[in-house]
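The values are calculated or read from the model by the stated rules, or taken from the named source; none is laboratory data. Treat the numbers as computed from the prediction; the structure is a model and nothing was measured. A quick note on method: Cβ atoms are made from the backbone with ideal geometry, for glycine too, and the neighbour counts reach across all protein chains shown. Keep in mind that these areas ignore ligands, DNA and RNA; they rest on the heavy atoms of the full protein, side chains included. Shrake-Rupley method; radii C 1.70, N 1.55, O 1.52, S 1.80 Å.
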Amino acid sequence: MADSLLLTKPAPAAKPAAPAEKRASLGQYYPHRRWVLMLSLMVALSLGLSVLFCGGCAFWSEDFLVTFGYNFFYTTGLWLANGFPSEWLNRRVDWTAQPIRRFLITLGLSLVMSLLVILLVTGSFLVFYHHRPLSSLTWRPFVMPLLITVVISLFMHSRSFLLGWRDAAIQAERLQKENAQAQADSLRRQLDPHFLFNSLNALTSLVEEHDPARATRFIRQLSQVYRYVLDSQAQEVVSVAEEMRFVESYVFLQRTRLGEGLHVEMQLPPAAALETLWVPPLAVQLLLENALKHNATSQRDPLRIAIELDPAARQLTVRNALRPRRLAEGESTGLGLENLRARYAFLTKEPVAVTKTETEFIVTLPLLKLE
């Protein structure tokens, strides 16, 4: 039984575009309820301020109504000027990822928008109610609105920060749990008795064929496979060089068992480039195992699998010919790729890209680079 691995020059792989993720705001789900709630709050706040600043005024006197108008337009305008930019920034600049940049952008945008609102409201009342020229506008009318701005801005942006922090904490906890479950599942699957049973059958054949050299090498490769599985279970990532050495041992075992029914082509850069890139342990092996599990192999028409690594794009692609075979009940759970995605989601925002054509099944893994 032959056990050759075909080594050729690497071919660049296309980088998949990460899907944009937008966080939905409360207003998308309850737009009318939100508007009514906020408008009621602005009216109540304006009435309270009017009573405070127009102490001796009759409740529906002109002075009281003008004071209420000032307060209502100020509070509503400042809420809009700070609320909507805050929601817009939530979708583009994350508090948890870039807190300093977000703080500076928030501060600058809030100041500019608030000054525009104050200028618009003060200037409108000055010209249309007091019938005075805009040139008579002084800095004093800006003091109270700016104080109100500080209160509203602190509320709006503190709320955004706390919501972002809470969501990030919940997501981190969820991803950590999924990652632990995925790692445990990977370990259970790699120690699957079927794999050991098939390997021992292949070893028995080598012994019966009186091929001690290949039998000895098979035992060593089998021990390396299980040693790697046990050693890597506590690691979140391993170097691509380690993973590929493990893959070579795994492929040797499968090629010994299947002979010319399996052809694996590995397109890899120099070994030095593999030491600086990282993957979750057993990630590549999982893709090889899926290809062998779901596709038929034969001596006349072998199953062809290609492993391609592009260090510039930091991607590793595993592609196999589609030769579907019928699986026994319970042989496949369909959770392998989902668990791999969960493990990657814990480590990076780059997605695991899966493509299925009429002739091929292709999975592209993003390679990690430790800072």
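Summary table
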item: Selection count, the stretch 91-106, where residues are in a helix (DSSP H, G or I) and modelled with pLDDT under 70; result: 0
item: Out of Ala241, Ala291, Ala271, sole residue that is of a type outside the set (Val, Ile, Thr) and modelled with pLDDT under 90; result: Ala271
item: In the stretch 52-65, the residues that are closer than 16 Å to Met144 by Cα, touching a Ser or Thr at 6+ places or on another chain (Cβ under 9 Å) and not in a loop (DSSP other than H, G, I, E, B); result: Phe53
item: Scope the stretch 267-278; condition in contact with a Leu (Cβ under 6 Å, 6 or more places away or on another chain) and among the aliphatic types (A, V, I, L, M); matching residues; result: Leu268, Leu277
item: Selection within the stretch 193-202 - touching a residue at least 40 places away in the same chain (Cβ under 8 Å) and open to solvent by 40 Å² or more (accessible area, probe 1.4 Å); result: Asn198, Asn201
item: Residue in the stretch 281-291 that is farther than 22 Å from Tyr344 by Cα and among the hydrophobic types (A, V, I, L, M, F, W, C) present; result: no
item: Matching option when the condition is open to solvent by 10 Å² or more (accessible area, probe 1.4 Å) and touching a helix residue (DSSP H, G or I) at 6+ places or on another chain (Cβ under 7 Å), among Leu303, Leu286, Leu340, Leu292; result: Leu292
item: Of the criteria (1) part of a helix (DSSP H, G or I); (2) of a type in the set (Ser, Thr, Tyr); (3) at pLDDT below 80, which one Ser4 fails; result: (1)
item: Close pairs from the stretch 56-69: first in the same structural domain as Phe125 (by the TED database) and free of Cβ contacts under 8 Å to residues at least 60 places away in the same chain, partner surrounded by 12 or more Cβ atoms within 10 Å (Cβ to Cβ) and not in a helix (DSSP H, G or I), Cβ under 8 Å, at least 6 apart; result: Asp63/Cys54; Asp63/Cys57; Phe64/Cys54; Phe64/Cys57; Thr67/Cys54; Thr67/Cys57
item: Candidates Arg257, Arg319, filtered to the one that is assigned by the TED database to the domain that holds Leu206, touching a helix residue (DSSP H, G or I) at 6+ places or on another chain (Cβ under 6 Å) and of a type in the set (Lys, Arg); result: Arg257
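Quick grid of which residues meet (1) touching a residue at least 12 places away in the same chain (Cβ under 8 Å); (2) in a strand (DSSP E or B); (3) touching a Lys or Arg at 6+ places or on another chain (Cβ under 7 Å):
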{"position": "Leu288", "(1), (2), (3)": "yes, no, no"}
{"position": "Arg304", "(1), (2), (3)": "yes, yes, no"}
{"position": "Leu309", "(1), (2), (3)": "yes, yes, no"}
{"position": "Ala313", "(1), (2), (3)": "yes, no, yes"}
{"position": "Phe346", "(1), (2), (3)": "yes, no, no"}
{"position": "Thr355", "(1), (2), (3)": "no, yes, no"}
{"position": "Thr364", "(1), (2), (3)": "yes, yes, no"}
